[in-house]
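See structure below.
The values are calculated or read from the model by the stated rules, or taken from the named source; none is laboratory data. All figures in this text were calculated on a predicted structure; none of them were measured in a lab. When we count neighbours, we look across all protein chains shown, and the Cβ atoms used for this are built from the backbone with ideal geometry, even at glycine.
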Amino acid sequence: MTNAEIIDLTKRYLFQVYARAPVAIVRGQGCRVWDGDGCEYLDFFSSTVVTALGHSHPTVTAAIREQADKILHVSNLHYSEPGARLAERLCTHSFADRVFLCNSGAEANEAAIKLARKYGHEKGEGRFEIVTATGSFHGRTLATIVATGQEKVRIGFQPLPEGFRYAPFNDVAALEDAITDRTIAIMLEPIQGESGVIVPSLDYLRRVRELCDRHHLLLILDEIQTGVGRAGSLFFHEHAGITPDIATLAKGLGNGVPIGAMLATEPVSSAFVLGSHGSTFGGNAFASAVAFAVVGVLLQGAVLENCMAMGEYLRQGLTRLAGKHSMLKQVRGHGLLIGAELSVAAAPIVERCRETGLLINAAGEKVLRLTPPLIVSRAEVDEALAIIDEALVG
Ligand SMILES: *Cc1c(COP(=O)(O)O)cnc(C)c1O
């Protein structure tokens, strides 16, 4: 089908909840994708920070084929090898002792919220409140839109679940002020992705950990965007030298196959008992086998090294462009989660980039977000920089 045909069908039959650019992507290979009219694009968005290993990665495709030949789905009322092996792999390489597998980021956060509440009711003197950060993004389910520190996502959905409070990001004193005698947890993205790649100091994260210890609070880190190699490690919190009590992963975990994970330490995870939570598809054999392969590739190390090297190279290139174009004000980020703050609206620049063959997106009003696959090459970064250079001229 052509772009126009796919767009017509979409507008006719799907809920119109997304502001889509007028292209229909039909195929991808590595860092490149093609649309229905045969146009080629460099994908520096990784299809919403998902395809960490690039499109059609051979190891991922092999895992898909192999598992599809065996079995796709096993009931959670029986045992299944792929989910168990994935959980072991995630625990071996993280702070966590146990994993709950689900199908998306919002579901992973929903599980984290439920676990924190259950823990609070049983082991935390009935405490239930969760403090999150202003500007945060935690998902689109009813509980996660309340966890999200942005008023606009909640409009029209009242009555809302109770028990959330907000504090400005990167401000430990404000966070401490928001704590009450009913607070059980603090929930944060270690870098705020959707609101414009807002990078706090590593010291902030360390002091939040101390604050949680002092007030007997759980620290929940939403690593859905920062995790799975995007910042050069399986989890961003490794850079701060801290561990959370609960962490969530999704986006890059299945390289495009839907899967989410909620990880916790043993004392916290023990609040969930038989029947506390569940999901028909969660930890599905197919998705788990694919995620196992994705994490396996990351643990080999070369992709993470490339992520750090290319992240540095891309940030340097953007900083050079900032010297040339006054509308490019600040370049920030970690690994290949990069924000370039403009003095003007980001959307027209994003559009100009797309028209000249580069997919990126706008996070917040004035920030270009660049999140290429972690396998991106130096030549591809150079190509993207040349397109951005041109787009900033207009
Ligand atoms: C994308 C994202 C989510 C939501 O994930 P979905 O899979 O869309 O439900 C939650 N938190 C963060 C930090 C995200 O980037």
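Has region 51-61 got any residue that is of a type in the set (A, V, I, L, M), under 23 Å from VAL303 (Cα atoms) and assigned to a loop (DSSP other than H, G, I, E, B)? Yes, that holds for at least one residue.
Would you point out which residue out of GLU110, GLU162, GLU189 is away from the ligand (no atom under 16 Å from the Cβ) and either within 23 Å of THR280 (Cβ to Cβ) or of a type outside the set (A, V, I, L, M) (or both)? Matching residue, one of GLU110, GLU162, GLU189: GLU162.
Filtering ARG117, ARG127, ARG207, ARG165 for residues that are among the basic types (Lys, Arg) and in a loop (DSSP other than H, G, I, E, B) leaves a single hit, ARG127. Scanning region 174-185 for residues that are over 19 Å from ALA106 (Cβ atoms) and surrounded by 21 or more Cβ atoms within 10 Å (Cβ to Cβ) returns LEU175, THR183, ILE184.
Among the residues of region 172-217, those that are charged (D, E, K, R) and touching a helix residue (DSSP H, G or I) at 6+ places or on another chain (Cβ under 7 Å) comprise GLU176, ARG206, ARG207. Applying a threshold of 7 Å to beta carbon distances and a minimum spacing of six or more residues, or different chains, the list of pairs starting in region 141-158 at a residue that is more than 16 Å from GLY193 (Cα to Cα) and in the same structural domain as ILE113 (by TED's automatic domain parsing) and ending at one that is charged (D, E, K, R) and away from the ligand (no atom under 11 Å from the Cβ) reads VAL146/ARG154. Please go through region 5-29 and give me each residue that is over 26 Å from PRO373 (Cα atoms) and either in contact (Cβ under 8 Å) with a residue 24 or more places away in the chain or touching a helix residue (DSSP H, G or I) at 6+ places or on another chain (Cβ under 6 Å) (or both), ordered by number. Hit for region 5-29 is GLU5, nothing else. A single entry from PHE164, PHE169, PHE157, PHE128 fulfils the requirement of being aromatic (Phe, Trp, Tyr), at pLDDT 95 or above and under 20 Å from the mean Cα position of the chain (by Cα): PHE169.
Among the residues of region 239-260, those identified as of a type outside the set (D, E, K, R) and either part of a loop (DSSP other than H, G, I, E, B) or in the same structural domain as THR51 (by TED's automatic domain parsing) (or both) are GLY241, ILE242, THR243, PRO244, ALA250, ASN255, GLY256, VAL257, PRO258, ILE259. Of all the listed residues (HIS78, HIS57), the sole one being within 21 Å of ASN306 (Cα to Cα) and out of contact with any Lys or Arg (no Cβ under 9 Å at 6 or more places or on another chain) is HIS57. Contact map, region 261-272: residues that are assigned to a loop (DSSP other than H, G, I, E, B) paired with residues that are surrounded by fewer than 24 Cβ atoms within 10 Å (Cβ to Cβ), Cβ distance under 6 Å, separation 6+ or inter-chain. Pairs shown: THR265/ASP97; ALA271/LYS118; ALA271/GLU122.
For region 147-162, the set of residues classified as outside any loop (DSSP other than H, G, I, E, B) and farther than 16 Å from LEU221 by Cα consists of GLU151, LYS152, VAL153, ARG154, listed by residue number. Close Cβ contacts (under 8 Å, 6 or more residues apart or on different chains) running from residues in region 111-130 that are surrounded by fewer than 24 Cβ atoms within 10 Å (Cβ to Cβ) to residues that are of a type in the set (Lys, Arg) and in a helix (DSSP H, G or I) comprise PHE128/ARG117. Considered as a group, the residues in region 346-380 that are among the hydrophobic types (A, V, I, L, M, F, W, C) and assigned to a loop (DSSP other than H, G, I, E, B) include one that is nearest to GLY149 (Cα to Cα), and that residue is ALA363.
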